[in-house]
Every structure is written in C-alpha cells, then in structure tokens.
Amino acid sequence: MNTRGLALISCLIATLLTRVAYAEQFKAFDDVQVHYIVVNSLFLQAEVAAHYGIVRGKDRAIVNVAALGADGAALSAQVTGVAVNLLSQQMPLEFETITDGPAIYYIAPLRYTDQDVLRFRITVVVADHDPMQLEFQQQMYVANEP
C-alpha cells in the first residue's frame, strides 16, 4: 500500500474513533473499554476499501470495534459477533484485524436493508479477562451515493 492509502486508512480510523469518543459509544469492563461504531461503507475511500477487501455500497456498512486498556493502549483481542434484525434473522459478523502502528481495530462488513433495526451482539476476548459482551441496537439507512 502506498503512503496515500496508509494516510487515508489512518484518517478513517482516527475519524471513526473520534466519532466513537464524541458519541460515547463504548462500554467499560473494569479496566478495559470497548469502543464501537457502525458506519456505511461509502464513508471509506474506494482505494482504501479495495485494499482491505471491503465492498462499498449504499446498503453496506462496517462494524468497527477496538479494545483499550486502562492506559489507553490498544489491546489485542478475539472479536466475534452477530447482527439480528427484527425478524430474528441472524447475520454473523466476520471480524478482521487491522493494525495501524500502535492501534488495533476489528472490522466486519455488513449488508442491510433500508430502515433495518439491527441488534448487535459482540463478544470481545482479551487476555487475562473474562469475555466481554457488547450489545447495542442501531437503525440502518441506505446511503445516498456521492
């Protein structure tokens, strides 16, 4: 990947985490904070999405999860999960690890229908900690393409 691509992914991840922090989308588990956000994949530049194998589309999103220790440092984790719609249809989330310097992110692609209300059930396992269960709900909207 060229420096432009690395800069784009770093910018994306920083923006996502800034939004997470601003919206306070995290859950504290003793000395670990699990931050999360779900955004439409069109938010990603085409080059960055292609590099990471993320399909962009108005009905596609990425789920971004990060675990931080008490000192604010990124923690390595195993992340698994599922998204469930109102009809109880389950969509497994297949998380991939992205490491950017000292930062570690877990990203899973997701396809949805307009105005879907999805319940996310995510398990985060960090060494020397019990499994952490993250549950949240979000209404999804099909995005307008730029």
With the crude spin-label approximation of a point 7 Å out along Cα→Cβ, what separation in nm comes out for SER76 versus ARG119? 3.4 nm
Taking the range 50-121 as the region of interest, what is the percent of Cα-Cα pairs per 10 angstrom bin, listed from the shortest bin to the one with the maximum distance? 18, 44, 29, 9, 0
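Just by accessible area at a 1.4 angstrom probe, what is the order of HIS51, HIS35, HIS129 from largest to smallest?
HIS51, HIS129, HIS35
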In the full protein assembly as shown, how much of PHE29 is accessible to a 1.4 Å probe, in Å² to the nearest 10? 40 Å²
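The values are calculated or read from the model by the stated rules, or taken from the named source; none is laboratory data. Quick caveat, the model's predicted, so the values are computed rather than measured. No Cβ is skipped: glycine too gets one built from the backbone with ideal geometry, and neighbour counts run over all protein chains shown. The area values use the complete protein model at the heavy-atom level, side chains included, leaving out ligands, DNA and RNA. Shrake-Rupley method; radii C 1.70, N 1.55, O 1.52, S 1.80 Å.
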